[in-house]
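Encoded as structure tokens, the structure appears first; notes follow it.
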Amino acid sequence: MKKITILVPCYNEEMNLPLLYPELVKLMDENRAYEWELLFVNDGSHDGTLERLYEMRHQDPRVNIVSLSRNFGKEVAMLVGFDYAKGDCMVIVDADLQDPPSLIPEMIHWWEQGYDDVYAKRKSRGKESWLRKRLSLMFYRMLQQSSRFDMLKNVGDFRLLDRRCINALRRMRESERYTKGMFSWIGFKKKEIEFDRGNRQVGKSSWSYRQLFSLAIDGITSFSSAPLRISTIAGFFISMLAFIYMMVVFVRALFWGNPVQGYPSLLVFILFLGGIQLLSIGIIGEYIGRIYNESKHRPDYIVDEYNEEKVS
């Protein structure tokens, strides 16, 4: 009998778990042809999430719990899932029910047809601000244009991954992770299914605009060197324009004796070039910072407990 793991990263999801768990139990009871594992990763929650998870485990032996020593972020929580999943395939689901568990049987169907990565594409993004939607779409366009491989637009983490994909992702031990890009990078046979994303049932998203901006920077710098090329190209053209302007000023002063004028314009040029230089240094610094973090070879995460047992 094939085994399916459902991975649920959790960060302060105490109120959502009582709504999610019955949906998952209903799904498993209606699909008894498979053996099931519910793998919850407690990502350093500060509320009663862990206590709720232990209550579920005491009632249902299919529930497994990995509790991290602190909040490492969802990207790392998914890596924990890749490391601990026991199934022949794994479905990644958010705890807030925006990703409907009712879509999982269709994912399993296409997996049985030979697809390794069955991903859910959003036809609509649920209750989300206009600005957040526009920024998300703009980011996907930028990432698609700057990457050397196909980046999936309007696709999140809600997907089914075959064991081959899981094993490939386990080998990618990057400290600065952008898992959505990794899903595309590993390749394998993919299948798209569309769905309307629901609204968060309880509470609000823990992702602030600052965190989303940081994730976007991680995505672009992890899978593209385009920002470095843009800095190089911009520096080349600005240098050429500056050289041409210098020659014009030199010729005018040599043949017509015109005094060098234009203090305001000179100041603007200096400020503009200084801004370009600082931007370029900042872009280089982003890449150097990632090299520095990778060179420390720290573990990606630290597990505090696995199924109520302390991990040393």
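The values are calculated or read from the model by the stated rules, or taken from the named source; none is laboratory data. Quick caveat: nothing in here was measured; it's all calculated off a predicted structure. Because the Cβ atoms are built from the backbone with ideal geometry, glycine has one as well, and the counts that use them run over all protein chains shown.
Structure values in brief
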item: Test: P9 is in the same structural domain as Y84 (by TED's automatic domain parsing) and either surrounded by 21 or more Cβ atoms within 10 Å (Cβ to Cβ) or free of Cβ contacts under 8 Å to residues at least 24 places away in the same chain (or both); result: yes
item: Pick from the stretch 191-209, criterion touching a Lys or Arg at 6+ places or on another chain (Cβ under 9 Å) and under 21 Å from P105 (Cβ atoms), ranking: modelled with the lowest pLDDT; result: G198
item: Positions within the stretch 31-47 being closer than 21 Å to Q98 by Cα and of a type outside the set (V, I, T), in sequence order; result: E37, L38, L39, F40, N42, D43, S45, D47
item: Single residue of the stretch 33-60 satisfying the filter (free of Cβ contacts under 8 Å to residues at least 40 places away in the same chain and hydroxyl-bearing (S, T, Y)) that is surrounded by the fewest Cβ atoms within 10 Å (Cβ to Cβ); result: S45
item: Sole residue being among the charged types (D, E, K, R) and under 25 Å from the mean Cα position of the chain (by Cα), chosen from D83, D29; result: D83
item: In the stretch 138-177, residue modelled with the lowest pLDDT [restricted to those that are part of a loop (DSSP other than H, G, I, E, B) and either touching a strand residue (DSSP E or B) at 6+ places or on another chain (Cβ under 9 Å) or of a type in the set (A, V, I, L, M) (or both)]; result: M151
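Results for (1) part of a strand (DSSP E or B); (2) touching a Phe, Trp or Tyr at 6+ places or on another chain (Cβ under 8 Å); (3) in the same structural domain as F195 (by TED's automatic domain parsing), shown as yes or no for each residue.
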site: N64; (1), (2), (3): yes, yes, yes
site: F72; (1), (2), (3): no, yes, yes
site: K86; (1), (2), (3): no, no, yes
site: L97; (1), (2), (3): no, no, yes
site: W111; (1), (2), (3): no, no, yes
site: G114; (1), (2), (3): no, no, yes
site: K121; (1), (2), (3): yes, yes, yes
